[in-house]
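Here the structure comes first, spelled out in structure tokens, and everything after it is commentary.
The values are calculated or read from the model by the stated rules, or taken from the named source; none is laboratory data. Small disclaimer: the values here were computed from a predicted structure and weren't measured. Neighbour counts run over all protein chains shown; Cβ positions are idealised from the backbone, glycine included.
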Amino acid sequence: MLLVKLVVQVKLVSSPVQAAALEATLSAVNEAANWVSGVAHAHGVPREYALRKLAYGELKARGLGAQAAQHVIKKVRDAYTALQGNLRAGNLGRCGSVERWKVESKPVEFRPDAAQPYYDRYLSWQFEPGTVSIWTVHGRMKAVPFACSPQQLATLRNHRRGESDLVLRDGVFYVVATCEIPETPLNEDPARWIGVDLGIVNIATTSAGYQAAGRGLNRHRKRLQELRAKLQKKRTKSAQRALKRINRVESHRLRDANHVISKCIVAEAERTRAGIGLEDLSGIRRRARSSSRGRAALHGWSFAQLGQFIACKARRAGVPVVHVDPAFTSQTCSRCSHVERRNRVRQSRFVCRSCGLALNADRNASRNIARRAEAAWDAGAAVSRPYRRRIGGWTRE
């Protein structure tokens, strides 16, 4: 059976005493993780089993339970695996560079409030009263209330699998649980195709008539960008904290907007038994040329996240998704297929120089994307069925 893996985040409504115990737990396990990281770095980052031999006894002596000690070791080893992957990819500087040396010369460090994974024996759910029982360094803490939507509760009750993470964010504790939902059988014979044109002025425009304007979101990002520039000049610790908070606010706003847009697009496709055509925008930031004023908007464009959300929700609904080449979709007439640069009169206006078709430029591009998606699906291209894998990507419910 094909499964879609996602995570459900619930808020812990903890009392001050419970919050203090949870905070002390995160501080203790992350202090232990920093010690294990030092041991791993000193011994050349051994494999998990070898690292367990070096660190498990000391972690038990520090008062951590067996499962907590195992998860601390696994967390450290996973952090080094991610670090090594970034080093191989060149994301942390070229070989021999000062930036790379700074990263390689010291062990990985964990924040005192970094997330900690929990297995079922150390965190159990009571769905009827809406509480969790969780291990802390001060003993087992029972009947900690949690808050979530009815949909999240149903997902947790029916599909939760594996471990959960305890997360502290802005003074509030959350539990992020892994769920595996059966995938709806793929609709192999879509009645039509919905093309989705992605952009900055209009975040998404579909050939079915839906348009998500980005005006409000762009104004919000511009205000944060101006505030960020002022704070960066101060160079104080309080300014650094404020910058981190602003980054979280912006990230949350973008993610929420992309979730709303992707739900609308997939719901329309599911209702009409249609497929979805998306632009393959990989490498667009390297290819696109923009002015210094537009560079920030281009590099802050979260098209990849929106595409991922659409793909995951479509997989759950059994909606086929095709990625197509977006070249010249904004200059091609969706009625007569005439291609000319002058067809795009301005950002929002398309007028065909051949047949005279006049309509919104993004709407015209979305129709071209839908036509290309249908052609790719009929041709049986491998790219047209990329979501028939056993486990898909991650998203938030």
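Considering only residues of segment 34-64 that are modelled with pLDDT of 90 or more and among the β-branched types (Val, Ile, Thr), which is surrounded by the fewest Cβ atoms within 10 Å (Cβ to Cβ)?
Ranking the qualifying residues of segment 34-64, first place goes to 39.
Rundown of residues vs (1) outside the structural domain of residue 307 (by TED's automatic domain parsing); (2) in contact with a Leu (Cβ under 8 Å, 6 or more places away or on another chain); (3) at pLDDT 90 or above, yes/no style:
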{"position": "107", "(1), (2), (3)": "yes, no, yes"}
{"position": "134", "(1), (2), (3)": "yes, yes, yes"}
{"position": "146", "(1), (2), (3)": "yes, yes, yes"}
{"position": "164", "(1), (2), (3)": "yes, yes, yes"}
{"position": "168", "(1), (2), (3)": "yes, yes, yes"}
{"position": "186", "(1), (2), (3)": "yes, no, no"}
{"position": "197", "(1), (2), (3)": "no, no, yes"}
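Residue by residue through segment 224-244, note down the ones that are surrounded by 12 or more Cβ atoms within 10 Å (Cβ to Cβ) and either in contact (Cβ under 8 Å) with a residue 24 or more places away in the chain or closer than 23 Å to residue 304 by Cα (or both). Quick ask: steps written out before the conclusion?
Narrowing segment 224-244 to residues surrounded by 12 or more Cβ atoms within 10 Å (Cβ to Cβ): 224-225, 227-228, 231, 234, 239-240, 242-243.
Within segment 224-244, 224, 225 meet the criteria.
Could you give me the residue pairs with C-beta distances under 6 Å whose first residue belongs to segment 323-335 and is closer than 13 Å to residue 364 by Cβ, whose second residue is surrounded by fewer than 19 Cβ atoms within 10 Å (Cβ to Cβ) and not hydrophobic (A, V, I, L, M, F, W, C) wherever it lies, and which are 6+ apart or on separate chains?
Close Cβ pairs satisfying both conditions: 330/344; 331/341; 331/344.
Pick out the one residue from 274, 267, 242, 229 that is touching a helix residue (DSSP H, G or I) at 6+ places or on another chain (Cβ under 6 Å), among the aliphatic types (A, V, I, L, M) and at negative phi.
On inspection, the qualifying residue turns out to be 242.
Go through segment 114-138 and give me each residue that's buried (at least 17 other Cβ atoms within 10 Å of the Cβ), of a type outside the set (Ser, Thr, Tyr) and more than 16 Å from residue 160 (Cα to Cα).
114, 115, 116, 134, 135, 137
Among the residues that make up segment 203-212, is at least one of them among the small types (Gly, Ala, Ser) and in a helix (DSSP H, G or I)?
no
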